[in-house]
Structures are given as structure tokens and as C-alpha cells.
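As C-alpha cells, the structure follows; a few thoughts come after it.
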Amino acid sequence: MTETTANHTVRQTVRPLGRPGLAYDEVAVGDRLPELSIPLTRTLIVATAIASRDYQDVHHDPELAVERGSRDIFMNILTSNGLVERFVTRWAGPAAVVAAIRIRLGAPNYPGDTMVLTGEVTAKDDAEGRVEVSVRGENALGAHVTGTVVVRLPKGENA
């Protein structure tokens, strides 16, 4: 899909129906990933903190979180990292191999908000079949997570 903005044309890469994933040759620098909106429920924040064995009280106890200076409980970094990985691999497909994830946290993800993940292909390595994707997750307070994900995609018929 191609979208024209005031400044430039941007392709949005989408898997063809019936194909398990994107092939390396189907992706171009500048391609945008489809947005992913994630409702930030209290259950999501607590359950994912517990699932990642992060028992810090600021991720499950509202009173203690407030006592420690937060307005409420907030999402942990392991969950943010996992959601970023899910966002990119959902776009790339199950044949993609995650080679690296580098993220930085900003504004907290509080219950009752929504985080919207966006991404854009920023580099390709033909020799390795690697694709670098710049990722940003925004909530009502601003950027919650920013970073890059590098995935290896199959070439040609292997996709």
C-alpha cells in the first residue's frame, strides 16, 4: 500500500494473504508498519509484571506506587520490550528471526491509557538479510518507548 503525504510517498508493507511472512526483497527502507494500539488495562500491567517475575510493588500495588511518587502502577520494561517485539514480528511474520532489540523508556504506561506503536524500516543489510525497524510507542503523556529492532527475513521463496 502506498500513501502520499505533503512531503513524500511512503509504502506500507503488508503480507499477501496466504503467506506466512514477508520476504527480505518485499521490504524497502521507508516502509511503515501498520499501527498497533494496545489498551493499557490494570490487568495487563499486573499480569505481565508477574509473568516476567517482576514483583516490584510499583507494578501491582497502587497505594505503594503513589507512596513512591507515581500517580498509579505502571508497566515494567520487560513488558514494553515484549510488546515491541510482538509489534515487529506480527508485521514480519513467523519466519522472521529477531537479531536485536534496543529500547529506551520515557513516559510511564499507566492503566486506562492506550499505547500506539508505530514503526518504519530504516536500514537493510543485503548480505545478512537483516532489516532494521525504528519503533515508537506513544501514550497520552508522550513517548513511552523508542528504539530499534533488527530482524532477519528469509529471501525469496523461503518466506
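Descriptive notes on the structure:
- Residue satisfying all of: in region 28-58; open to solvent by 80 Å² or more (accessible area, probe 1.4 Å) and among the hydrophobic types (A, V, I, L, M, F, W, C); farthest from THR89 (Cα to Cα) among these: ILE50
- Subset of region 78-116 [of a type in the set (D, E, K, R) and surrounded by 15 or more Cβ atoms within 10 Å (Cβ to Cβ)]: GLU85, ARG90, ASP113
- Scanning region 117-126 for residues that are surrounded by 15 or more Cβ atoms within 10 Å (Cβ to Cβ), assigned to a strand (DSSP E or B), of a type in the set (A, V, I, L, M) and within 15 Å of the chain's Cα centre (by Cα) turns up at least one hit.
- Out of THR9, THR13, one residue alone is crowded, with 18+ Cβ neighbours inside 10 Å, hydroxyl-bearing (Ser, Thr, Tyr) and at pLDDT below 95. It is THR13.
- Residues that are surrounded by fewer than 16 Cβ atoms within 10 Å (Cβ to Cβ) and assigned to a strand (DSSP E or B) were ranked within region 135-147; the one that is farthest from the chain's Cα centre (by Cα) is GLY142.
The values are calculated or read from the model by the stated rules, or taken from the named source; none is laboratory data. Keep in mind that what you see is a predicted model, and the values were worked out from it rather than measured. Cβ: placed from backbone, ideal geometry, glycine included. Neighbour counts: every protein chain shown. Areas reflect the complete protein model, heavy atoms only, side chains present, ligands, DNA and RNA absent. Shrake-Rupley method; radii C 1.70, N 1.55, O 1.52, S 1.80 Å.
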